[in-house]
Amino acid sequence: MINASALRDTPTLVGERIRLVPLGPEHTDAYFSASLDEEIRRLTGSHRHLTYEDARERCERRPADGDRLDLAIISREDGSYLGDLFLYAISPENESAGYHITLSALRFAGQGLGREATRLVLEYAFDRVGLHRIWLYVYTFNMRAIAVYRSCGFTVEGRLRDSLFWEGRRHDALLMGVLRSDIPAKED
Ligand SMILES: CC(C)(COP(=O)(O)OP(=O)(O)OC[C@H]1O[C@@H](n2cnc3c(N)ncnc32)[C@H](O)[C@@H]1OP(=O)(O)O)[C@@H](O)C(=O)NCCC(=O)NCCS
């Protein structure tokens, strides 16, 4: 049984260097700029170019049925937008959800922010929402993302062969998952 109200309350999660806040209209400009970054588009296999209107709609989306949770990653130091993440396909029956994270530019990568954000979300999803399983897809060439997911407890569960066709080459994706029981309980 999951705690659906924890999701509907669209929480703010506070870490050491970042805050995760509900994605909102005030993030539209930064979200749209991030969607134009060619390297981020490759790493996430994003073929479609978003219009500004698409970005606005995504930032304003408030799923009424609690099947997803969109959060912006905000720097605690200066309040700037660093990226976004979301839990989606949330299944109360199976106590499971999909996960996706994107920093808004590679200049923010490699500083531990993605790991901090992922740990915050997993703690929230498992301990407060009561989910049992979180899964994700990642392309095999995205070694940085795979390293972060592994260090947060995810393991590889499957391989989707040739699932991305990018600039004339095909790439496999990995299905990774983590169960609540995979994460050691915190010591007080
Ligand atoms: C994936 C992403 C969220 C990771 O967040 P991050 O803040 O850059 O990652 P962190 O700094 O927390 O950790 C990076 C880790 O990857 C490791 N790493 C970096 N490049 C690597 C490589 N080529 N091979 C193996 N490990 C690598 C680093 O050593 C580090 O691990 P360590 O701290 O144990 O040394 C972020 O880089 C991002 O948003 N990238 C662009 C979009 C994207 O790829 N999204 C994921 C889609 S599935």
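Kindly establish whether residue 82 is assigned to a loop (DSSP other than H, G, I, E, B), in contact with a Ser or Thr (Cβ under 6 Å, 6 or more places away or on another chain) and modelled with pLDDT of 95 or more. It is false that residue 82 is assigned to a loop (DSSP other than H, G, I, E, B), in contact with a Ser or Thr (Cβ under 6 Å, 6 or more places away or on another chain) and modelled with pLDDT of 95 or more. Note on the range 78-98: residues that are within 17 Å of residue 30 (Cα to Cα) and not polar (S, T, N, Q) amount to 8.
Residues of the range 163-188 that are part of a helix (DSSP H, G or I) and either within 23 Å of residue 113 (Cβ to Cβ) or at pLDDT below 95 (or both): 182 alone.
Just need a number here: residues in the range 25-42 that are surrounded by 15 or more Cβ atoms within 10 Å (Cβ to Cβ) and either touching a helix residue (DSSP H, G or I) at 6+ places or on another chain (Cβ under 7 Å) or more than 28 Å from residue 143 (Cβ to Cβ) (or both).
Applying the first criterion (surrounded by 15 or more Cβ atoms within 10 Å (Cβ to Cβ)) to the range 25-42 yields 27-28, 30-32, 34-35, 37, 40-42.
With the extra rule that they be either touching a helix residue (DSSP H, G or I) at 6+ places or on another chain (Cβ under 7 Å) or more than 28 Å from residue 143 (Cβ to Cβ) (or both), the set shrinks to 27-28, 31-32, 34-35, 40.
Final tally of qualifying residues: 7.
Among the residues of the range 104-125, those that are in contact with a Phe, Trp or Tyr (Cβ under 9 Å, 6 or more places away or on another chain), touching a residue at least 40 places away in the same chain (Cβ under 8 Å) and part of a helix (DSSP H, G or I) comprise 121, 122.
Answer yes or no as to whether residue 99 is assigned to a strand (DSSP E or B) and within 17 Å of the chain's Cα centre (by Cα). Considered against the rule, which asks whether it is assigned to a strand (DSSP E or B) and within 17 Å of the chain's Cα centre (by Cα), residue 99 comes out as yes.
Of all residues in the range 131-162, those being buried (at least 16 other Cβ atoms within 10 Å of the Cβ), assigned to a strand (DSSP E or B) and hydroxyl-bearing (Ser, Thr, Tyr) number 2.
Of the residues making up the range 99-118, just one is of a type in the set (Ser, Thr, Tyr), within 20 Å of residue 29 (Cα to Cα) and more than 6 Å from the ligand (Cβ to nearest atom), namely 104.
Inside the range 141-164, residues that are among the charged types (D, E, K, R) and near the ligand (Cβ under 7 Å from one of its atoms) make up a count of 1. Among the residues of the range 24-47, those identified as at pLDDT 95 or above and outside any helix (DSSP H, G or I) are 36, 37, 45, 46, 47. Restricting to the range 85-96, name every residue that is part of a strand (DSSP E or B) and either of a type in the set (Asp, Glu) or over 14 Å from the mean Cα position of the chain (by Cα) (or both). Answer for the range 85-96, where residues must be part of a strand (DSSP E or B) and either of a type in the set (Asp, Glu) or over 14 Å from the mean Cα position of the chain (by Cα) (or both): 91, 96. Could you say whether any residue in the range 171-185 is within 16 Å of the chain's Cα centre (by Cα), surrounded by 15 or more Cβ atoms within 10 Å (Cβ to Cβ), at positive phi and within 14 Å of the ligand (Cβ to nearest atom)? No, there is no match, as no residue in the range 171-185 is within 16 Å of the chain's Cα centre (by Cα), surrounded by 15 or more Cβ atoms within 10 Å (Cβ to Cβ), at positive phi and within 14 Å of the ligand (Cβ to nearest atom). Taking every residue in the range 140-161 that is touching a residue at least 60 places away in the same chain (Cβ under 8 Å) and pairing it with any residue that is of a type in the set (Ser, Thr, Tyr), at least 6 positions away or on another chain, the pairs with Cβ-Cβ distances below 9 Å are 142/44; 145/139.
The values are calculated or read from the model by the stated rules, or taken from the named source; none is laboratory data. Note that the structure is a prediction, hence the values are computed from the model and not measured. Glycine gets a Cβ as well: all are built from the backbone with ideal geometry, and neighbour counts include every protein chain shown.
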